[in-house]
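Enquirer: Just dropping this structure here.
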Amino acid sequence: MDYKQLIAQNIKIEGFEAEDVYSFIEVPPTKEVGDYALPCFKFSRALRKAPPMIAKDLAESFPKVEGISSVEAVGGYLNFKLDRSGFIGGVLQRVLGEGELYGSSKIGEGKTVCLDYSSVNIAKPFHIGHLSTTVIGAALYRIYKFLGYNTVGINHLGDYGTQFGKLIYAFKTWGDRAVVDQKGLEELTRLYVLYHEVAEKTPEIDDIARSYFKKIEDGDKECVELFEYFKAITLKEIDKIYKLLDVQFDSYAGESFYNDKMQPVVDELKEKGLLVESQGAQVVDLEEYGMPPCIILRSDGASLYATRDMAAAYYRKNTYNFDKCLYVVAYQQNLHFQQIFKVLELLGKPWAKDMVHVAYGMVSLESGSMSTRKGKVVLLEDVLSRCIQKALDIIEEKNPNLENKHETAKQVGVGAAVFGMLYNNKIKDVVFSYDKVLNFDGETAPYCQYTVARCNSVIARARDINAAYDLSRIDVNEQEFAVCSLLQTFPDVVLSAAEKYEPCYITRFAVDLAKAFNKFYFDCKIITDDDNLTAYRVAITKCARQALKTALKLIGVGTPEKM
Ligand code: ARG
């Protein structure tokens with residue numbers, strides 16, 4: 001039972017739908033005021049009445065509703081108190097009944113969402129900055145799926161550009177296949193850095209590199225083979241990280257995939273009179289919209305990042321017929337996406353409005369927390385290994401006899417990093433701190449995971465108790481009510497996370513629920529001499545565990561059985 005809905009359905013105000021009323025309902029700062037409140041100033045203009053008057057009228061006309069014990073007008077607010085026992089009974093029944101599906105919905109049925117995330121660059125190191133796009137995108141992917149949407153995860157690989165010509169030059173001149181096979185990306189990076197050192201003194205090699213890149217485009221066998229080889233080396237290495245993070249993609253169509261798909265876009269731009277020449281280049285003028293021109297073709301006729309994104313947008317619309325297409329990309333690319341979306345709009349594509357740039361902030365490491373292996377780049381693999389190692393150290397110290405120590409350390413270490421990245425609103429810049437994300441008493445993955453393990457052990461101890469309980473014989477308390485109130489909000493939390501593209505709503509929910517459960521756990525004895533009370537409290541424990549596990553799963557954090 002959704003109490004907000006119950007309230008909204010019973011409020012009749014001219015000019016407002018139940019949905020509007022629903023969205024106005026708030027949770028008051030203290031429970032003494034009430035469990036829910038409706039601020040009436042939202043209606044005062046439409047009704048031409050003072051909010052306290054509206055509240056008074058609404059209180060008088062509110063019908064007797066099961067589950068709501070009192071309705072009171074206080075100032076401009078209409079405050080509701082719930083029949084707590086009825087409320088708790090309803091919530092527990094729903095969570096237990098729906099199990100893993102609790103919080104899910106069918107609102108997305110028949111709709112498709114494309115998500116472009118991670119989108120790594122071939123032959124470049126995978127560094128900590130890539131963690132955000134990967135985990136935010138993967139979380140949104142799971143959240144939309146949970147809401148019934150058809151989801152398409154796309155890794156728009158950065159696999160196009162003159163840097164591949166440079167890499168071919170470096171590889172042919174100084175490289176050794178056996179070494180690249182063995183050292184992978186690290187060796188490719190070394191060759192690339194070496195290339196730039198040499199090119200500084202002998203810029204002529206840039207011409208050779210450019211000719212190699214041209215050869216890739218023209219399908220030259222050797223160059224294409226080398227390019228594919230670099231790609232395979234990169235993907236193999238990145239795949240290890242995706243496995244650790246449990247992240248998947250439905251498509252790896254990268255930039256080069258659009259090599260033969262840009263012409264129709266260019267033609268259409270021309271036909272619609274949108275292309276103008278500027279210093280030899282073909283551009284779409286966006287001055288009227290306060291933006292620099294969007295360059296479509298360089299003066300030498302070469303395409304650009306934007307051209308390939310235009311072709312990708314067409315391709316995605318034609319292939320998946322999306323209802324929404326999300327780009328989980330750092331805010332540094334705000335302008336790029338504004339330009340692309342504007343050009344699509346100018347082309348008269350009605351679906352331009354369905355394109356969303358899901359921007360996020362920068363990640364930096366707490367200074368001194370890690371020596372970088374190569375220059376300035378902090379490799380993601382190193383960050384994750386270090387989290388796992390630290391988790392293992394903590395386990396060795398706190399619970400050395402734990403079975404499955406290594407598997408658990410992996411779930412805790414990786415979970416801590418993921419959770420840390422998804423804790424704040426995504427647009428905020430974050431400073432990554434190992435100690436902070438791994439603090440077992442903080443607002444962290446380990447804290448939530450530990451709470452799930454605690455639930456597991458309570459439930460295991462209560463194995464022999466009959467699960468049925470009779471709430472009419474129980475005087476429900478604050479702690480129990482607090483846990484159930486949170487549980488009741490979960491479906492709404494999932495919906496808002498999708499609507500606002502903010503996985504952090506779910507992360508926060510997990511922390512709040514874990515806190516409320518732990519308060520309940522410490523204040524109230526769960527396994528008591530009274531079987532009825534025990535069964536009831538074990539049911540609360542089962543429901544808290546279920547919602548916590550689901551929330552963590554949605555954001556990409558695993559839950560070890562024991563910790
Ligand atoms: N590879 C790009 C980068 O690392 C991100 C690509 C984002 N996706 C897109 N369709 N432009 O900056």
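Enquirer: List every residue whose amide H lies under 5 Å from the amide H of N121, counting only residues 5 or more places away in sequence or on a different chain, with H placed 1.01 Å from N in the peptide plane.
Expert: Under 5 Å from the amide H of N121 lie the amide H atoms of G158, each far enough along the sequence or on another chain.
Enquirer: In whole Hz, with x marking every Gly and Pro, tabulate ³J(HN,Hα) for region 348-362 from phi via Karplus 6.51 cos²θ - 1.76 cosθ + 1.60, θ = phi - 60°.
Expert: Result, ordered by residue: x, 7, x, 7, 4, 6, 8, 8, 10, 8, 8, 8, 9, x, 8 Hz.
Enquirer: Mind listing the lone cysteines of the chain, meaning no other Cys beta-carbon sits under 4.7 Å from theirs?
Expert: C40, C223, C294, C387, C448, C455, C484, C504, C524, C543
Enquirer: While we're here: Could you list, in their original order, any pairs among K410/K542; K4/K64; K353/K500; K324/K349; K4/K426 whose Cα atoms are separated by more than 20 Å?
Expert: From the list (K410/K542; K4/K64; K353/K500; K324/K349; K4/K426), the Cα-Cα distance tops 20 Å for K410/K542; K4/K426.
Enquirer: Still on this model: Can you pull the one-decimal nm distance between simple spin-label points at M53 and E271, each 7 Å off the Cα toward Cβ?
Expert: 6.1
Enquirer: Let me ask another. Using θ = phi - 60° and the Karplus form 6.51 cos²θ - 1.76 cosθ + 1.60, what ³J(HN,Hα) does each residue of region 110-122 get, whole Hz, x for Gly and Pro?
Expert: Along region 110-122, the couplings run x, 10, 10, 10, 8, 10, 9, 8, 6, 5, 7, 9, 5 Hz.
Enquirer: At 0.36 nm per residue, minus the direct Cα-Cα distance, what do S61 and S472 gain on full extension? Give it in nm, one decimal, please.
Expert: In short, 145.1 nm is gained.
Enquirer: Which semi-axes, in whole Å and largest first, does the equivalent ellipsoid of region 375-495 have when worked out from the alpha carbon gyration tensor as the square roots of 5 times its eigenvalues?
Expert: They are 34, 21, 10 Å, listed largest first.
Enquirer: Could I ask something else about it? Under 27 Å Cα to Cα from K214, which lysines show up? Leave out anything in the same chain fewer than 8 places away.
Expert: K214 reaches K124, K166, K172, K201, K231, K236, K261, K270.
Enquirer: If you keep only loop residues by DSSP, which trypsin sites (Lys or Arg not before Pro) in region 474-563 have at most 15 other Cβ atoms within 10 Å of their Cβ?
Expert: When the trypsin sites (Lys or Arg not before Pro) of region 474-563 are filtered for loop state and at most 15 Cβ neighbours within 10 Å, K525, K562 remain.
Enquirer: For D530 and M291, FRET efficiency with R0 = 56 Å and r from the beta-carbon atoms, rounded to 0.05?
Expert: FRET efficiency, M291 to D530: 0.25.
Enquirer: How large is ³J(HN,Hα) for each residue in region 214-229, as worked out from phi by the Karplus curve 6.51 cos²θ - 1.76 cosθ + 1.60 (θ = phi - 60°), to whole Hz, x for Gly and Pro?
Expert: 4, 5, 4, 4, 7, x, 4, 4, 5, 5, 5, 4, 5, 4, 5, 5
Enquirer: Residues of region 167-195 with the amide nitrogen closer than 13 Å to a label point 7 Å from the Cα of K236, along Cα-to-Cβ, please.
Expert: The answer is 177-188, whose backbone nitrogens lie closer than 13 Å to the label point.
Enquirer: Summing -39500 (n - 2.57) over the DSSP H runs of n ≥ 4 in the chain and dividing by its residue number, what mean residue ellipticity at 222 nm do you reach, to the nearest 500 deg cm²/dmol?
Expert: -17500 deg cm²/dmol
Enquirer: Output needed: percent of Cα pairs per 10 Å distance bin for region 1-45, bins running from 0 to the one holding the longest distance.
Expert: Using 10 Å bins, I get a P(r) of 27, 55, 17, 1 for region 1-45.
Enquirer: Starting from 0.36 nm per residue, how many nanometres of slack lie between D523 and L194 once their C-alpha separation is accounted for?
Expert: The D523-L194 span can extend by a further 112.1 nm.
Enquirer: Can you pull the one-decimal nm distance between simple spin-label points at D246 and I205, each 7 Å off the Cα toward Cβ?
Expert: In this crude label model, D246 to I205 measures out at 4.5 nm.
Enquirer: What chymotrypsin sites (Phe, Trp or Tyr not before Pro) in region 463-563 are in a loop by DSSP, with at most 16 other Cβ atoms within 10 Å of the Cβ?
Expert: Of the chymotrypsin sites (Phe, Trp or Tyr not before Pro), not one in the loops of region 463-563 has a Cβ with at most 16 other Cβ atoms within 10 Å.
Enquirer: Could you point to the residue in Q479, A467, C387 farthest towards the positive end of region 386-492's charge dipole, with +1 and -1 charges on the Cβ of Lys/Arg and Asp/Glu respectively?
Expert: C387
Enquirer: Still on this structure: Scan around S364 for amide H atoms under 5 Å from its own, H built in the peptide plane at 1.01 Å from N, and keep only partners 5 or more places away or cross-chain.
Expert: V430, V431, F432
Enquirer: Loop-only check: which GluC sites (Glu not before Pro) in region 53-159 are DSSP coil with at most 10 other Cβ within 10 angstrom?
Expert: Passing sites in region 53-159 are E66, E109.
Enquirer: Cut-off under 17 Å on the C-alpha distance; same-chain residues fewer than 8 positions from K49 excluded. Which aspartates and glutamates are left, in chain and number order?
Expert: E14, D57, E60
Enquirer: Compute the signed sum of charges (Lys and Arg +1, Asp and Glu -1) over the other residues within less than 11 Å, Cβ to Cβ, of Q449.
Expert: So the surrounding residues net to +2.
Enquirer: Give me the Kirkwood hydrodynamic radius of the chain in Å, from all C-alpha pairs, to one decimal place?
Expert: When all Cα pairs of the chain are included, the Kirkwood radius is 27.0 Å.
Enquirer: Per residue, how big is the convex hull of region 236-333 when only Cα atoms are used? Give it in Å³.
Expert: That works out to 161 Å³ per residue.
Enquirer: For W174 and M362, what does the FRET efficiency come to when R0 = 30 Å and r is the distance between their Cβ atoms, rounded to the nearest 0.05?
Expert: With R0 = 30 Å, the Cβ-Cβ based efficiency is 0.35.
Enquirer: Points 7 angstrom from Cα along the Cβ direction at E499 and E19: gap in nanometres?
Expert: That separation, rounded to one decimal, is 1.0 nm.
Enquirer: Net charge around Y469, counting only other residues with Cβ within less than 14 Å of its Cβ (Lys, Arg = +1; Asp, Glu = -1)?
Expert: Here the count lands on -2.
Enquirer: Let me ask you something else. Taking amide H positions as placed 1.01 Å from N in the peptide plane, with prolines and chain starts having none, which residues 5 or more places from H127, or on another chain, fall under 5 Å of its amide H?
Expert: When sequence neighbours closer than 5 places are left aside, the close amide H contacts are L380.
Enquirer: Check the straight Cα-Cα distances from K428 and name the aspartates and glutamates below 13 Å, setting aside those fewer than 8 residues away within the same chain.
Expert: E502
FYI, it's all coordinate maths here, none of it is from the lab. Here the structure is a predicted model, which means the values were calculated and not measured. Reconstructed Cβ throughout: ideal geometry from the backbone, glycine too, with neighbour counts over all protein chains shown.
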